[in-house]
Amino acid sequence: MTDVVYRLRDVEKRRSKGGVSFVLRIPELDVCRGEFCSVVGPSGCGKSTLLDMLALVMEPTRAGSFSVQVGPRGKPRVFEVPGLAENRAARIRRANIGYVLQSGGLLSFLSVRENIMLTAQISGVGVSRGEFNDLVGVLGLTDQLDKKPQHLSGGQRQRVAVARALIHRPMIILADEPTAAVDYPTALDIRDELHALAREMGAAVIMVTHDRSLVDQVSDRQVRFETVRTGRAETLATAFAETRVPAPVAGERLARPEVGA
Amino acid sequence: MIFRLAFKDIVHDWLLSLCLVLAISAIIAPLLILFGLKFGAVETMRSRLVQDPKNREIRPLTTRSFSREWFDELRAHQAEVAFVAPMTRQISASVMATNAAGDLREPLSLMVTAPGDPLLLENSGVVPEPGECVLTEAAAKALNVAAGDQLTLGAQRIIQGRYENGTFPVRIAAVLGERASSLRAAYVRLEVVESVEDYKDGRAVPAYGWQGELPEAYPVFDGAVVLTPEPLSKLDEVLLVNNTGFSRVQPVAGDEARDKLGYAPEPGWSAYWITVRQRAATEDNLQAVVNKLRGRGAIVAPWIEPLEIGLTVAGASGPVTVQLRARSDVASSSGAVQAAGSTRPQRVIVVAPDLPLSEGPATLRLKVADRELQAPVLLHKGDVPGGQAQASAAVAGTFNLLRHRNVRYDSAADALLLSRQGYAGFRLYAATIDAVDAVQQRLEQQGVTVHTERERIAEVRRLDRYATLVFWLIAAVGVIGGVSALTASLYASVERKKKELNVLRLLGLLKRELVLFPISQGLLLSSGALALAAVLFLLVARVINTLFRAQLHAEESLCTLSLGHFLILAVGVWTLSVVAATFAALRATRLDPAEALRDE
């Protein structure tokens, strides 16, 4: 399990809302370091529920096995997610997981610079001026650092979110529909930047999207959902993970920015 | 970091924050002003009470004789009594003052002062030395005089239908501030007031050269030895104690009679020792015994309990202590007693030749209980049967008077004079306003009715109590309003910032760290409100104090707060802001980081 950051076996999450039950079942899912794992599917198929569990903010109802392996490459630690204490989960999150949320999830009262540095400050990771400048340079944010997020375009906000997710060099990056609010070319740019930078630092990226075409070219692994009605008020969604060989489609570029170049 | 985030958020939402700061300071500022008024006004009245000795003055309403011992006893209660001085009868303490130019004359009341007099010392005055006086401002204005000027004070009396005036010069040592008294009065040493009273009572005051009677000390005896050629019958013995002032008669044998007389009675004579109980026998008592035994050839020899005296010869080192007895052979049934008392006897003391004392002038020091007498005497060496020193019955008896009352030597009259027995009144100041009640009670228990500023003190205390109550009622309403406003605002702030706080939780902030966010904001906002309220208070207090400047003394303020008050208030406001933020903090702990994902 050296490079596996997430290992899920027979994990199930049951939720009820308004008398309607929803069951998400994950028979098997492994996500390794440096891997780009896309989670695709239509609305309501369970993508967010899966992401909540991977983000350690939601416990599975039942799990054959559900572990997360984090820590330095030489001395990784494995944590069983079921029963994980809230504070422990928070500490794992702050040190090891970066988040790119749908519309950035940036703090409106902080500048771009402060937003980016926030995760580094929370996790206590030191960031040199050179590292910072390289990252914001690659993401084209050098001239935006003193602005407030609300004064940026949607694409710029997402780039700030990417920078914030990467600045403390996490092992895992969770991206929840990071390109939903931007146009397609920008979405491609953000996808490529995220993919390239994460790969550069060996982080696993788990990106949730409803647009399969956006991630097909970069996904090392893809999670799909099959949904069936098992009763009048119950839906069962099963997440299947399949390993893929990313194959760029002609005409769609794949940016490979070099960090620290 | 949380504090910084909280501060950034406040700055970001500056308009909302400003509104909240204004709202909170709108509650704090009136409370500060109210508290400032309560503290300033009541404290001003209280400090006037405390600082002005007049408010600690206790005046007698009844006239009676207060002895020196009574004053000493009162002075012993130092925690309650700051100052007490005897006063003579008021009618005897008025003098006519004339300025140096002689063109202005004003009647003044003479008041006794002494070291430690708070009325003088706390009203720009000094305690006058002998020959000096301190005037009230009203007196100084009336006489058009100032400190350092000379005044002539005069007392008037009527002797045998003739007006007599006794005057004496004084230097004005100081003029008291207006606050001290509105009376036209001169404060002088006790001796001056006593002299004026003596003069008005017709007595001589040798110190000022005023003629009149001298209150000369007189001899008193502790008993007498009666020698008769024939034994007295039981009936005659009873006659010795019947209407003579003596209360006990006892036949004494020859040896005992010799011990008392200092010499042996004639052989065959009978001796009787007559004594008084709890008082002294006077010359009149002896004369009464002489009268009873008239025609029987009896000798009545006055007797005193030997007095321990110290004699110091001029130029010699320490005093020599000897037992002084009355020489009893001067008294007889033929009227020697009158001879001893009617003219002023020379204070001659005969001392035994073996004593280390030389003949000539010496100083006698006699101390009985707490009374002391020092007087010049003339020493002769001679035979002193059965003792060390003796004086004539008149002289020894006069010294013996010190056992019963104060006697002083007056150098101007070269006589032993009676000190006054008591004083008609007093000037008394309690140590603090809080001690006024205790002193009043102490005096009233002794039957001395007094007037104090008790009612005024109680009135200020009541005002203080009511003002405090009103303040706390208003403060409670204000605090409830302020805490509610802050609580609602901070709670709303958490609700408003829920999305961003969720993100912080998702990014790994612990619950306990996130709790600090609303608490920090509460502290920051309340600090801003407190600072603004303090500025508003200072401005308003300045306006109020300026408006009422005419009614205030220097350094007094109607609306004021000390730095200590501000600090206490700040701690209170911060505490309440933390309490207010607690609800918001509890809300923050219930935030679900999953919401950050879902909100997207």
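Computed from the coordinates by the stated procedures, all read-outs in this text should not be read as laboratory data. Predicted model, so just to flag it, every value in this text is computed and none were measured. Cβ sites come from the backbone with ideal geometry, for glycine too, and all protein chains shown count toward neighbours.
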How many angstrom lie between the Cα centre of region B:537-600 and the Cα centre of region B:158-224? 66 Å
Rounded to the nearest 0.05, what FRET efficiency do A:E242 and B:W472 have when you use their Cβ-Cβ distance and R0 = 56 Å? 0.15
Dipole-positive endmost among A:V31, A:S65, A:Y6 within region A:1-71 (Cβ charges, Cα centre): A:S65
Of A:166-177, A:59-70, ordering from highest average Cβ density within 10 Å down gives A:166-177, A:59-70
Note down the magnitude of the dipole of region B:218-412 about its Cα centre, charges +1 on Lys and Arg C-beta and -1 on Asp and Glu C-beta and zero elsewhere, to the nearest 20 debye. 520 debye
Going through region B:495-589, which chymotrypsin sites (Phe, Trp or Tyr not before Pro) have at most 16 other Cβ atoms within 10 Å and a DSSP loop state? B:F548
If you take the charge dipole of the protein assembly as shown about its Cα centre, with +1 on Lys and Arg Cβ and -1 on Asp and Glu Cβ, which of B:A173, B:P319, A:L152 is farthest toward its positive end? A:L152
Only Cα pairs under 8 Å and at least 6 apart count here; give the relative contact order of region B:466-600 as a rounded whole percent. 50 percent
Note, B:V188: beta-carbon cut-off 13 Å, +1 each Lys/Arg, -1 each Asp/Glu, net -3
Which of B:W472, B:W269 comes first, and how do the rest follow, when ranked by fewest Cβ neighbours within 10 Å? B:W472, B:W269
Output ordering of B:76-83, B:301-308 (per-residue mean of other Cβ within 10 Å, highest first) is B:301-308, B:76-83
Label-point separation (nm) for B:Q421 and B:K367, each offset 7 Å from Cα along Cα-to-Cβ? 2.7 nm
Roughly speaking, what is the centre-to-centre gap between region B:269-304 and region A:33-57 when only Cα atoms are used, to the nearest Å? 134 Å
Could you please state, rounded to a whole Å, how far the C-alpha centre of region A:122-172 is from the C-alpha centre of region A:199-220? 19 Å
Considering only DSSP beta bridges whose two residues both sit in chain B, what percent are antiparallel, to the nearest 5? 80 percent
Name the GluC sites (Glu not before Pro) in region B:178-246 that are in a loop by DSSP and that have at most 15 other C-beta atoms within 10 Å, would you? B:E178
Residues A:E86 and A:R129, FRET efficiency given R0 of 35 Å [Cβ-Cβ distance, rounded to 0.05]: 0.50
Could you tally up the Lys pairs in chain B with alpha carbons closer than 23 Å? Skip any pair fewer than 8 positions apart unless they're on separate chains. 13
Relative contact order computed over region A:4-243 (Cα-Cα under 8 Å; 6+ residues apart), in percent: 30 percent
Please compute the average number of Cβ atoms from other chains found within 10 Å of each residue's Cβ in peptide A:80-90. 2
With a cut-off of 8 Å between alpha carbons and a minimum separation of six or more residues, what is the relative contact order of chain B in percent? 20 percent
Quick calc, the protein assembly as shown, dipole around Cα centre from Cβ unit charges on Lys, Arg (+) and Asp, Glu (-), nearest 20 debye, gives 2740 debye
Which of the chymotrypsin sites (Phe, Trp or Tyr not before Pro) found in region B:1-77 are loop residues per DSSP with 14 or fewer other Cβ atoms within 10 Å of their Cβ? none
Take every residue in peptide A:39-51, count the Cβ atoms of other chains within 10 Å of its Cβ, and give the average of those counts. 1
Of the candidates B:A581, B:A139, B:P229, the farthest towards the positive dipole end of chain B (Lys/Arg Cβ +1, Asp/Glu Cβ -1, centred on the Cα centre) is B:A581
Restricting to the protein assembly as shown, compute how many DSSP beta bridges are antiparallel as a %, nearest 5. 75 percent
Which value, in debye to the nearest 20, describes the size of the charge dipole of chain B about its Cα centre when Lys and Arg Cβ atoms bear +1, Asp and Glu Cβ atoms bear -1, and nothing else is charged? 1720 debye
So, counting K/R as plus one and D/E as minus one, what does the shell of residues with Cβ under 9 Å around B:L366 add up to? +1
Partner shielding of B:586-593, taken as the mean number of other chain Cβ atoms within 10 Å, equals 2
